[in-house]
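Report on the following structure.
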Amino acid sequence: MHPVSILMLGIAMSTDAFAAAGGKGAAMRDPRLRDALRAGVIFGIIEGLTPLAGWALGNAAAQYVTAWDHWIAFTLLSLLGLRMVWAGLRANGGASDDDGTRHHGFWTLAATGLATSIDALAVGVGLAFLEVDILPVAAAIGLTTLVMVTAGILLGRVLGAMAGKRAEVVGGLLLVAIGAFILYEHLGGLA
């Protein structure tokens, strides 16, 4: 695969994660560069590993992964998004919110990263048929995602400051919208 094609694939695979990170950053209170890098690393590792997993599945699972990837992504993103909306609508948050610094935990970030990387799994399966060296492709996808998610979290911070205390609702609705767009796109809406 040509290096430019690998870079373009990395960007394409990380756009959903970038959008989700923007929503996460908007929902977080005062995310610092350390928080953004942490999220970027989590998303990047997951996004880099999923094409490897897809590659390993190869021909045997191709029809199952590509037939259901959009439903899995839609379900995971919708559930996470609805959870964020619910948390944002709760009256005054909980006692844990009193310190003014709300940061998303590892499992929430990992679940969001997995939901946005289902398409990379399918790409890995497809690349297995093309006999492409998967390691540089997976590394490019992972590194591009790390950079884009880190930027998304930091840009989301600006959106969060403008949206006020309901930023988590906006972020949750964004995740649901991303999931719905993935579903719409795969069901032939943009074919």
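All of the numbers you see were taken from the coordinates with simple rules; none came from a lab. All of these numbers come straight from a predicted model, not from anything done at the bench. Heads up, the Cβs are rebuilt from the backbone with ideal geometry, glycines too, and the neighbour counts pull from every protein chain shown.
Structure values in brief
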| quantity | calculated |
| --- | --- |
| Surrounding net charge for Ala36, when Lys and Arg each add one and Asp and Glu each subtract one, Cβ distance under 10 Å | +4 |
| Relative exposure of Thr145, Thr15, Thr50, judged by other C-beta atoms within 10 Å (fewest first) | Thr15, Thr50, Thr145 |
| Which of Phe74, Phe106, Phe43, Phe181 has the fewest Cβ neighbours within 10 Å, and the rest in rising order | Phe106, Phe181, Phe74, Phe43 |
